[in-house]
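K.L.:
Mind having a look at this structure? Questions to follow.
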Amino acid sequence: MATNIFDCPLPNKEGYFGEYGGAFIPPELQTIMDEISTAYDEIRKDPDFIEELTDLYQHYVGRPSPVFHAKHLSAKYGAEIYFKREDLNHTGAHKINHCLGEALLAKKMGKKKLIAETGAGQHGVALATAAALVGLECEIHMGEVDIAKEYPNVVRMHILGAKVVPATHGRKTLKEAVDSAFGAYLADPVTQFFAIGSVVGPHPFPKMVRDFQSIVGVEAKEQFMQMTGKLPDNLVACVGGGSNALGLFTAFMNDENVAMHGVEPAGRGLDIPGEHAATMTLGTPGVMHGFKSYMLQDDKGEPGEVYSVASGLDYPSVGPQHAYLKDIGRVNYASINDKEAIDAFFELSREEGIIPAVESAHAVAYALKLAKKPNMGTILINLSGRGDKDIDFVVENYGKEYGIS
Ligand SMILES: *Cc1c(COP(=O)(O)O)cnc(C)c1O
């Protein structure tokens, strides 16, 4: 690895980024989290572990992913636009970076099974892939509604040897899948490892997942310097939980002249409660899923309803480090609605021949807005995933507007 990816001053020992983060969990679970924290602190300094992970990144994931200069979009919008191509990774997105790290850690700790929830199935597929490779059992909890909606990912998980457990209560989507997976995990937290899918959850997960993802920025920095002789002026990434964004941002955190932009989903509109997931723009500090951060909450303090055309972004909270970065003003958080994201989905496809994930299309849409402003210099976008998973949905719902009947 170019530099040590496991080298970042935050969070503190208790897992706090300023006032955010921490671990709001029952005492019996705290013991387990402490064990994971200790094990992680050991392996992150272990040259054998770093070598094993680096080797898998290179020969299994296909790292380093390229940086691509998008000349057509650059000419059209007036700023120089570049993409970090995480869409080209094995399994098609950035998630494999942290799933491999978590799977290796679980294996080293002597765990037998990886357990997690999934919404659209992207985290489930990446984790089932890592489990198959590392040699662990895998159990993925998924809402019954999502199982029907995202069936190809369910089939993928089955083929990879994972068990898919339907969550059948409530609205039968992501929140219920979290409850279901958490219940199953609590039944045996000793032999199972709860592999969280983003920079969220109780300490040490926000730190661990960020560290595993930070390879993205470490590579991009070196590649961008080689291509242009300078650092990028702007970084742009979409923010659901926030892992791909921190993956790109971390290596540039101390480069004061590099502006950073995190892009949230405005869904059908910021003015309609329940129809967006703009946590940073409209949320307030609170605690859910074991950590403190900005969150969208109802009048009872329960997680609010959220929506986005991109199911990977519709989470009512956000990683605690993002909350901190917002408060200190290091990162600018903005939002992009469904329509703007779908426009960008087609624009990138037709201008550069790259079909992005609809999640990533939010970052693209915002970057194009930035590019139209004068003197924006260079813009490096994290293309977190590819759009294969989205094509049927997009064509069915928006095809006509773009000349596809
Ligand atoms: C899951 C997903 C995201 C959102 O997750 P973050 O933790 O915010 O990065 C973004 N893009 C793609 C392609 C995803 O699969």
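K.L.:
Only one residue in Asp55, Asp87, Asp41 is assigned by TED's automatic domain parsing to the domain that holds Arg350 and either assigned to a helix (DSSP H, G or I) or under 26 Å from Ala323 (Cβ atoms) (or both), so which one is that? Give the steps one after another, and end with the answer.
P.N.:
Details: Asp55 fails: assigned by TED's automatic domain parsing to the domain that holds Arg350; Asp41 fails: assigned by TED's automatic domain parsing to the domain that holds Arg350.
Exactly one of Asp55, Asp87, Asp41 is assigned by TED's automatic domain parsing to the domain that holds Arg350 and either assigned to a helix (DSSP H, G or I) or under 26 Å from Ala323 (Cβ atoms) (or both), namely Asp87.
K.L.:
Of these, Leu348, Leu325, Leu370, which one is within 22 Å of Gly269 (Cβ to Cβ) and hydrophobic (A, V, I, L, M, F, W, C)?
P.N.:
Being within 22 Å of Gly269 (Cβ to Cβ) and hydrophobic (A, V, I, L, M, F, W, C) holds for just one of Leu348, Leu325, Leu370, which is Leu370.
Residues are listed down the side, and each one gets a yes or a no for (1) within 16 Å of the ligand (Cβ to nearest atom); (2) farther than 28 Å from His322 by Cα:
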residue	(1), (2)
Leu105	no, no
Val125	yes, no
Val134	no, yes
Glu139	no, yes
Val145	no, yes
Ala167	no, yes
Asp179	no, no
Val199	yes, no
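K.L.:
Give the stretch 285-310 a look and list any residue that's under 14 Å from Gly274 (Cα atoms) and assigned to a loop (DSSP other than H, G, I, E, B), or say none.
P.N.:
Leu296, Asp298, Asp299, Glu302, Gly304, Glu305, Val306, Tyr307, Ser308, Val309
K.L.:
Could you grab me the full set of residues in the stretch 317-336 that are surrounded by fewer than 23 Cβ atoms within 10 Å (Cβ to Cβ) and either within 13 Å of the ligand (Cβ to nearest atom) or assigned to a helix (DSSP H, G or I) (or both)?
P.N.:
Tyr324, Lys326, Asp327, Tyr333
Condition check ((1) in contact (Cβ under 8 Å) with a residue 24 or more places away in the chain; (2) under 22 Å from the mean Cα position of the chain (by Cα); (3) outside the structural domain of Arg44 (by TED's automatic domain parsing); (4) surrounded by fewer than 22 Cβ atoms within 10 Å (Cβ to Cβ)) across all residues:
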{"residue": "His72", "(1), (2), (3), (4)": "yes, no, yes, yes"}
{"residue": "Ala75", "(1), (2), (3), (4)": "no, no, yes, yes"}
{"residue": "Glu102", "(1), (2), (3), (4)": "yes, yes, no, no"}
{"residue": "Met109", "(1), (2), (3), (4)": "yes, no, no, yes"}
{"residue": "Leu133", "(1), (2), (3), (4)": "yes, yes, no, yes"}
{"residue": "Glu137", "(1), (2), (3), (4)": "yes, no, no, yes"}
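K.L.:
For a quick check of your reading of the model, give me the residue pairs whose first member lies in the stretch 239-250 and is touching a residue at least 60 places away in the same chain (Cβ under 8 Å), whose second is among the charged types (D, E, K, R) and not in a helix (DSSP H, G or I), with beta-carbon atoms closer than 6 Å and at least 6 apart or on different chains.
P.N.:
Val239/Glu264
K.L.:
Check whether at least one residue in the stretch 244-252 is within 15 Å of the ligand (Cβ to nearest atom) and among the aromatic types (Phe, Trp, Tyr), and report yes or no.
P.N.:
yes
K.L.:
Further, regarding this structure: Here's a check for you: in the stretch 61-94, which residue that is acidic (Asp, Glu) and within 16 Å of the ligand (Cβ to nearest atom) is nearest to Leu246 (Cα to Cα)?
P.N.:
Taking the candidates together, the pick is Glu86.
K.L.:
Considering (1) of a type outside the set (Gly, Ala, Ser); (2) within 26 Å of Asp388 (Cα to Cα); (3) touching an Asp or Glu at 6+ places or on another chain (Cβ under 9 Å); (4) buried (at least 24 other Cβ atoms within 10 Å of the Cβ), say which one Val263 fails and leave the rest.
P.N.:
Going through (1) of a type outside the set (Gly, Ala, Ser); (2) within 26 Å of Asp388 (Cα to Cα); (3) touching an Asp or Glu at 6+ places or on another chain (Cβ under 9 Å); (4) buried (at least 24 other Cβ atoms within 10 Å of the Cβ) one by one, Val263 breaks only (3).
K.L.:
All but one of (1) at pLDDT 95 or above; (2) within 22 Å of Asp87 (Cα to Cα) hold for Gly283; state the number of the condition that does not hold.
P.N.:
All conditions are met except number (2).
The values are calculated or read from the model by the stated rules, or taken from the named source; none is laboratory data. Just so it is clear, the model here is predicted, and its values are computed rather than measured. Quick reminder, even Gly has a Cβ in these numbers, built from the backbone with ideal geometry, and neighbours come from all protein chains shown.
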